[in-house]
Amino acid sequence: MTHPDIFKIADNRKKSEKNYTEKIHVCYAAGCLSARSDAVKESIIKAIENKKGVYLVKEVGCLGLCAKGPLVSFQSKGEIYHTVTPENAKEIIDNLNTDKLKHRKFSSEFPFLRRQKKIVLENMGIIDPEDIEDYIRHGGYKALDKVLYTMTPSGVIREVIKSNLRGRGGAGYPTGLKWTTVSKAGGAKKFIICNADEGDPGAFMDRSILEGDPHKVIEGIIIAGFAVGATQGYIYIRSEYPLAAHRLEIALKQARKYGLLGKEILHSTFSFDINLRMGAGAFVCGEETGLIASVEGRRGTPRPRPPYPAQEGLWRYSTLINNVETFANISPIILNGGEWYASIGTESSKGTKVFALAGRINNTGLIEVPMGITLREIVYDIGGGIPDGKKFKAIQTGGPSGGCIPEQFLDMTVDYESLKEVGAIMGSGGMIIIDETSCMVDVARFFLEFCMSESCGKCISCRVGTAQMYHILMKICLGRGTNSDLKQLEELCDYITNSSLCGLGQTAPNPVRSTLRYFKDEYNAHIMEKKCPAGVCEIKKEMENTE
């Protein structure tokens, strides 16, 4: 027996939308809203006042090209207008069937749009994130219905194992293996936690997903609860994401109202609920055990492992923790099958990955690409290359704990193993592009300063070691460095990596290690020539003051 109301809602919504000849989607993600997309929407509504039964205007999630907002998408034409203002909205409506404003729009053949493969982001820019019926109309909660009425918990886990989905939070741990461990754990209770504590500088993948398609994440969490035998879930989100948190609150209330959360979900025997937990913005709370401590109301500091959260987590019960993007992959895997998902990507890295392109790149924004794509394709095809005719220098992946990859590796494939081989990590998906105007010593100093300030201070190696590395980097940037400083940096990299308690400290040296490996000539120029090749570090001024 299924729950027919879900499909009735979808059918009614489809029928009601058939009469519209054009669907106008206005981006209501944080970036576009900050550029007055709400005012753009009001201007569009005024411009179509005499065509209310013809045009449907909808608020949607991120359309991807974040730096070119506000963005407005016209669905029948597959076109996106960029940098739309309240003043030119009427002009766009009046010229929809002409080429007068072709310089203001992107077609579906634009490489940024054409080169992507959307699974996690399939509903972004299409559904209204605050309307559960719109999500259901586009296939939402079909996977949950399938799970509850045609599958067993072990069957769900088998599909996840077949998919070879790896955790998208950074470490790339096999999702099916983690679910299996939790499902086999004993105890009177089990918990699910969705880690939405995205804190990497330049990263906005999880935030955008939650702002644009919160129900997809919620559906994935519920399915996970069914699979491992949990009855309670938590979404841990940082307080710096007010719009994402607001839309999650709306989505959770709607899900309860429609019988998708609470007791006997969809008239089944399975009961499950989700609560929201707001974090204060500590980067270390992205680490599993630090996150658990924070959810419990304690100071967010890591603890030694084992025991791992899957064995002893929240309030000492078995706990499954995955991040936002991991959960957003679950419903497509259930609907299409694990083998379908595993057919995408490389031998060891399956599926797609969401990245946030930031830094010195023409097309700043949110993308989803198949694993195995090359860095060159991302930077030059999808990203549109480097602005102002500048030369590419490096790409920093994996957030402040990642590594800087030089030009010589632009043709390498993007997957977990390849990135690790060159001294970088996948991380949660931040990609910061660096051009010739940047100093790599200064870049390493910037990321090290972030890790130093975000250290919880629990272990000496991280608390003291990152501070010592930062002071050495500052010394080099100011033209006071010596050759012995380089040796000490290398020793500190090994010491901090091998003796820190959690992932923050263990990976904090990565930016320093990778820049020493690939850009040592810049370190030598600062030390030997008292010169910053990029002209970023104020060595001359500092030297004059010293004299």
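Assorted remarks:
- Against the list (1) of a type in the set (Ser, Thr, Tyr); (2) at pLDDT 95 or above; (3) in contact with a strand residue (DSSP E or B) (Cβ under 6 Å, 6 or more places away or on another chain), the condition Ser239 fails is (2).
- Checked across region 291-299, the condition of being out of contact with any Leu (no Cβ under 6 Å at 6 or more places or on another chain), closer than 19 Å to Ile157 by Cβ and acidic (Asp, Glu) holds for no residue.
- If you check Arg513, Arg517 for being of a type in the set (Lys, Arg) and either more than 30 Å from Pro306 (Cβ to Cβ) or not in a helix (DSSP H, G or I) (or both), only one passes: Arg517.
- Qualifying residues in region 468-503 (those that are assigned to a helix (DSSP H, G or I) and small (Gly, Ala, Ser)) - the one nearest to Ile527 (Cα to Cα): Ser484
- For region 2-58, a tally of residues being aromatic (Phe, Trp, Tyr) and touching a Phe, Trp or Tyr at 6+ places or on another chain (Cβ under 9 Å) returns 2.
- Residue count for region 403-414, restricted to those that are modelled with pLDDT of 95 or more and either of a type in the set (D, E, K, R) or in a strand (DSSP E or B) (or both): 6
- Candidates are the residues of region 1-41 that are part of a loop (DSSP other than H, G, I, E, B) and buried (at least 19 other Cβ atoms within 10 Å of the Cβ); the one that is nearest to the chain's Cα centre (by Cα) is Ala29.
- Residues of region 201-229 satisfying the condition of being more than 18 Å from Ile127 (Cβ to Cβ), in a helix (DSSP H, G or I) and among the small types (Gly, Ala, Ser): Ala224, Gly225, Ala227
Listed here are the residues, each with its yes/no results for (1) in contact (Cβ under 8 Å) with a residue 60 or more places away in the chain; (2) surrounded by fewer than 17 Cβ atoms within 10 Å (Cβ to Cβ); (3) within 15 Å of Ile192 (Cβ to Cβ).
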position: Tyr236; (1), (2), (3): no, no, yes
position: Lys253; (1), (2), (3): no, yes, no
position: Leu266; (1), (2), (3): yes, no, no
position: Phe272; (1), (2), (3): no, no, yes
position: Glu287; (1), (2), (3): yes, no, no
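- Of the criteria (1) within 20 Å of Lys118 (Cα to Cα); (2) of a type in the set (A, V, I, L, M); (3) touching a residue at least 60 places away in the same chain (Cβ under 8 Å), which one Ile80 fails: (3)
- Tally of residues being among the basic types (Lys, Arg) and part of a helix (DSSP H, G or I) across region 520-534: 1
- In a residue-by-residue description of region 230-244, the property of being assigned to a helix (DSSP H, G or I) and within 17 Å of His138 (Cα to Cα) applies to no position.
- Scanning region 502-534 for residues that are under 26 Å from the mean Cα position of the chain (by Cα), over 18 Å from Pro406 (Cα atoms) and buried (at least 23 other Cβ atoms within 10 Å of the Cβ) yields Cys502, Leu504, Gly505, Thr507, Ala508.
- For region 47-62, a residue qualifies if it is of a type in the set (Lys, Arg) and either under 23 Å from Pro129 (Cα atoms) or within 30 Å of the chain's Cα centre (by Cα) (or both), and the qualifying residues are Lys52, Lys58.
- Search result, residues across region 374-405 that are crowded, with 20+ Cβ neighbours inside 10 Å and touching a residue at least 60 places away in the same chain (Cβ under 8 Å): Ile382, Gly383, Ala394, Gln396, Gly398, Gly399, Pro400, Ser401, Gly402, Gly403, Cys404, Ile405
- Qualifying positions in region 116-135 - within 12 Å of Pro214 (Cα to Cα), among the hydrophobic types (A, V, I, L, M, F, W, C) and in contact with a helix residue (DSSP H, G or I) (Cβ under 7 Å, 6 or more places away or on another chain): Val120, Met124, Ile127, Ile132
- Annotation note: of Thr413, Thr352, the sole residue that is in contact (Cβ under 8 Å) with a residue 40 or more places away in the chain and within 24 Å of Ser514 (Cα to Cα) is Thr413.
- The set of residues in region 253-272 being under 14 Å from Asp145 (Cβ atoms) and assigned to a helix (DSSP H, G or I) consists of Ala255, Ile265, Leu266, His267.
- Only one of Ile80, Ile48, Ile92, Ile9 that is of a type in the set (A, V, I, L, M), touching a Leu at 6+ places or on another chain (Cβ under 7 Å) and at pLDDT below 95: Ile92
- Failed item in (1) surrounded by fewer than 17 Cβ atoms within 10 Å (Cβ to Cβ); (2) of a type in the set (D, E, K, R); (3) in a helix (DSSP H, G or I), with Glu159 passing the rest: (1)
- Some residue of region 90-108 being assigned by TED's automatic domain parsing to the domain that holds Ile48, closer than 28 Å to Gly429 by Cα and among the aromatic types (Phe, Trp, Tyr): yes
- Tabulated pairs, region 357-370, first of a type in the set (Lys, Arg), second crowded, with 20+ Cβ neighbours inside 10 Å and assigned to a loop (DSSP other than H, G, I, E, B), C-beta under 7 angstrom, 6+ apart or interchain: Arg360/Ile386
- Against the criterion of being of a type in the set (S, T, N, Q) and touching a Ser or Thr at 6+ places or on another chain (Cβ under 9 Å), Ser401 qualifies.
- Answer residue from region 94-114, given it is of a type in the set (D, E, K, R) and crowded, with 16+ Cβ neighbours inside 10 Å and is farthest from Ile330 (Cα to Cα) among those: Arg104
- Qualifying residues in region 106-149 (those that are of a type in the set (Phe, Trp, Tyr) and assigned to a helix (DSSP H, G or I)) - the one nearest to Lys253 (Cα to Cα): Tyr135
- Residue in region 481-497 that is within 23 Å of Arg299 (Cα to Cα) and buried (at least 20 other Cβ atoms within 10 Å of the Cβ) present: yes
- In region 187-205 there is no residue matching the filter, namely being more than 22 Å from Gly286 (Cα to Cα), surrounded by 24 or more Cβ atoms within 10 Å (Cβ to Cβ) and either under 20 Å from the mean Cα position of the chain (by Cα) or modelled with pLDDT of 95 or more (or both).
The values are calculated or read from the model by the stated rules, or taken from the named source; none is laboratory data. Values in this document were obtained by computation on a predicted structure and should not be read as measured data. Cβ atoms come from the backbone with ideal geometry, glycine included; neighbour counts cover every protein chain shown.
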